[in-house]
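Peer 1: Structure incoming, see below.
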Amino acid sequence: MSRMKQSEKAIEAFKEAAKRPFGMRDKIGYAAGDFANDITFVIAALFMMKFYTDVMGVSAALVGVLMMAAKVVDAFTDVAMGQICDRSPVTAKGKFKPWILRFSGPVAVASFLIFANYLANAPMGFKVFWMFFTYLLWGSVCYTGVNIPYGSMASVMTSDPEQRQMLSTWRNIGATIAQIVIAVVLPLVVYTTDAEGHKVLSGNKVMVASLICSVLAVLVYFVCYSLCTERVLYQQPEGEKKKSTAELFRILFTTRSFLGIIVSALILLVTQLVLTGMASYIYPNYFGNTVMQSLSALLGCAIVLVLSTFITKLADKFGKKELSAAGAVIGAVTLLVVYIIHTHNVAVYVVLYCIAYAGMAFFNLMCWAMIIDVIDDIQVRSGVRSDGTVYSVYSFARKLGQAASSGLTGALLTAVGYTSETAFDTNVVNGIYNTAALIPAIGFVCLALSLTFLYPLSRKKVQENNRILAKEQK
């Protein structure tokens, strides 16, 4: 059979599968995809630095620098994967979904290799190499290979704005459940008590937990692959040549909505990951209470799940941009209060932390739908539709935020004098507290300013773009 006939047959099979109505099956499947993503992402975000500083004996500053340096590679791998997705032929299952299945196994293996407790007594040079190599393999290659097509897939599962917001919400539900597994359960099992009564991380327990999470990720990726359906087929107008990568980048970086979402996402990730990353230090070191670390994570997840039940209606009434900016203001004010009162009462800290987390949740629940709004805006302004490329550059910006937060967290821990020997000194733990409150508060202020003055897609503008595209598709 010729390649052209194979392509035509695949498109016909795609169109037949696309007749299945959008429904709960798609929502659960899409939630499963981010659960699988985050089951490896969250364990790295929460425990990798702690593992390498406390178990492997690597300095916090070096861990942060290496995690930042690894993200330089993502400038190439993310965009390359986006281009691969955009240029992939349509199969019976779609353009994006097949890649999820292909990379599900590799990303799980790479995640497990990060936490190599059996190398704790290896030479320092080799431990640093292993950390860099495995983090690069996991984040820049395997995670990119599964996450870029997964994120891009939302825009082709449905063209309905409300249903796209539902996918964004359900994606966050999946991520929240993964956070419950990692951020709530693991602190209860991966710490041990040393001879002096201090809570210390067990390298062997983290390694076993990573293995279990990796196996679980593969199983849940298959659920995502099985339940999600691609329905929208954006075909290039006949006779029109594909834009070159350079031309696509020119279009993207001269579009204000794209720049606005990139800057806002970068600020959010730095803010969020410094806030959550410092939890692995403030609870065991400042408060001496890892149970409350699990409780705060559980309450944060519960807040997200509750908000997800009505966020679509709120977004429809007030607008995604407007709600996200308001949430950032709530987060900023709350953490400034935390910094000022400098409480030693862990219950008070958890309550205020949860309020700040609720403010952050507004943008987190809507950001994935907002990137689809940006893709639509670019199409309206330039006539170019390139879901994979747009999402890949957006994903790279988020990874820059992740890397920046890792580097910033490592630098700040070093600045307050944190090492495995000084981990419980009074000046050090007070420095940890101040860092955990003040830096995210500043981040929230910057996020509110970015969303308000840089990102242009208000509720009114999004509705206008949807009307224009609806007319074009008729």
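Peer 1: Among V79, V107, which is the only one that is part of a helix (DSSP H, G or I), modelled with pLDDT under 85 and either within 20 Å of R398 (Cα to Cα) or under 21 Å from the mean Cα position of the chain (by Cα) (or both)? Can you show your working first?
Peer 2: Numbers: V107 fails: modelled with pLDDT under 85.
Just a single option satisfies the conditions, and that option is V79.
One line per residue, one yes/no per condition, for (1) farther than 21 Å from A265 by Cα; (2) of a type outside the set (D, E):
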residue: T309; (1), (2): yes, yes
residue: A315; (1), (2): no, yes
residue: E322; (1), (2): no, no
residue: G327; (1), (2): no, yes
residue: V374; (1), (2): no, yes
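Peer 1: From D38, D34, D26, grab the single residue that is more than 16 Å from the chain's Cα centre (by Cα) and closer than 23 Å to M157 by Cα.
Peer 2: Numbers: D38 fails: more than 16 Å from the chain's Cα centre (by Cα); D34 fails: more than 16 Å from the chain's Cα centre (by Cα).
Matching residue, one of D38, D34, D26: D26.
Peer 1: What are the residues in the stretch 111-125 that are over 24 Å from the mean Cα position of the chain (by Cα), part of a helix (DSSP H, G or I) and under 27 Å from V215 (Cβ atoms), if any?
Peer 2: N117, Y118, L119 - these are the residues of the stretch 111-125 that are over 24 Å from the mean Cα position of the chain (by Cα), part of a helix (DSSP H, G or I) and under 27 Å from V215 (Cβ atoms).
Residue-wise test of (1) over 30 Å from L299 (Cβ atoms); (2) of a type in the set (G, A, S); (3) part of a strand (DSSP E or B).
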position	(1), (2), (3)
P149	yes, no, no
V156	yes, no, no
R164	no, no, no
A183	no, yes, no
S214	no, yes, no
V218	no, no, no
F222	yes, no, no
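Peer 1: Here is a follow-up. Residue check: is D425 under 28 Å from T309 (Cα atoms) and out of contact with any Pro (no Cβ under 9 Å at 6 or more places or on another chain)?
Peer 2: Numbers: under 28 Å from T309 (Cα atoms): no; out of contact with any Pro (no Cβ under 9 Å at 6 or more places or on another chain): yes.
So D425 fails the test.
Peer 1: Mind checking whether some residue in the stretch 191-202 is in contact with a helix residue (DSSP H, G or I) (Cβ under 6 Å, 6 or more places away or on another chain) and within 20 Å of A108 (Cβ to Cβ)?
Peer 2: The answer is no, given that none of the residues of the stretch 191-202 is in contact with a helix residue (DSSP H, G or I) (Cβ under 6 Å, 6 or more places away or on another chain) and within 20 Å of A108 (Cβ to Cβ).
Peer 1: Would you check which residues across the stretch 328-379 are polar (S, T, N, Q) and modelled with pLDDT of 90 or more and list them? Even if it seems obvious, please write down each step before you answer.
Peer 2: So in the stretch 328-379, the residues polar (S, T, N, Q) come out as 334, 343, 345, 364, 379.
Answer for the stretch 328-379, where residues must be polar (S, T, N, Q) and modelled with pLDDT of 90 or more: T334, T343, N345.
Peer 1: Is it true that G151 is at pLDDT 85 or above and under 22 Å from T276 (Cβ atoms)? So that I can check it myself, show each step before the final result.
Peer 2: Numbers: at pLDDT 85 or above: yes; under 22 Å from T276 (Cβ atoms): yes.
Yes; evaluated as a whole, the condition is true for this residue.
Peer 1: Within the stretch 126-133, is even one residue assigned to a helix (DSSP H, G or I), touching a residue at least 60 places away in the same chain (Cβ under 8 Å) and either under 18 Å from Y391 (Cβ atoms) or of a type in the set (G, A, S) (or both)?
Peer 2: Going through the stretch 126-133, the residues assigned to a helix (DSSP H, G or I) turn out to be 126-133.
Applying the additional criterion that residues be touching a residue at least 60 places away in the same chain (Cβ under 8 Å) yields 127-128, 131-132.
Within this subset, residues satisfying the condition of being either under 18 Å from Y391 (Cβ atoms) or of a type in the set (G, A, S) (or both) are none.
No, the stretch 126-133 has no match at all.
Peer 1: Follow-up. Can you work out which of the residues in the stretch 56-70 that are outside any helix (DSSP H, G or I) and on the phi < 0 side of the Ramachandran plot is surrounded by the most Cβ atoms within 10 Å (Cβ to Cβ)? I'd like the intermediate steps shown before the answer.
Peer 2: Start the filter on the stretch 56-70 by keeping residues that are outside any helix (DSSP H, G or I), which leaves 56-59.
Now narrow it down to the ones that are on the phi < 0 side of the Ramachandran plot: 56, 58-59.
Values: M56: 21, V58: 19, S59: 18.
Here the residue is M56.
Let's see how each residue does on (1) acidic (D, E); (2) buried (at least 24 other Cβ atoms within 10 Å of the Cβ); (3) under 19 Å from the mean Cα position of the chain (by Cα); (4) farther than 26 Å from V291 by Cα:
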| position | (1), (2), (3), (4) |
| --- | --- |
| V329 | no, no, no, yes |
| N345 | no, no, no, no |
| Y353 | no, yes, no, no |
| A369 | no, yes, yes, yes |
| V374 | no, yes, yes, yes |
| V384 | no, no, no, yes |
| L400 | no, no, yes, yes |
| A404 | no, no, yes, yes |
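Peer 1: Next up: Collect the residues in the stretch 185-206 that are closer than 29 Å to I311 by Cβ and crowded, with 19+ Cβ neighbours inside 10 Å, keeping them in residue-number order.
Peer 2: Within the stretch 185-206, the first condition is being closer than 29 Å to I311 by Cβ, and the residues that meet it are 185-187.
L186, P187 - these are the residues of the stretch 185-206 that are closer than 29 Å to I311 by Cβ and crowded, with 19+ Cβ neighbours inside 10 Å.
The values are calculated or read from the model by the stated rules, or taken from the named source; none is laboratory data. Predicted model, so just to flag it, every value in this text is computed and none were measured. Neighbour counts are summed over all protein chains in view; Cβ atoms, including those assigned to glycine, are modelled from backbone coordinates with ideal geometry.
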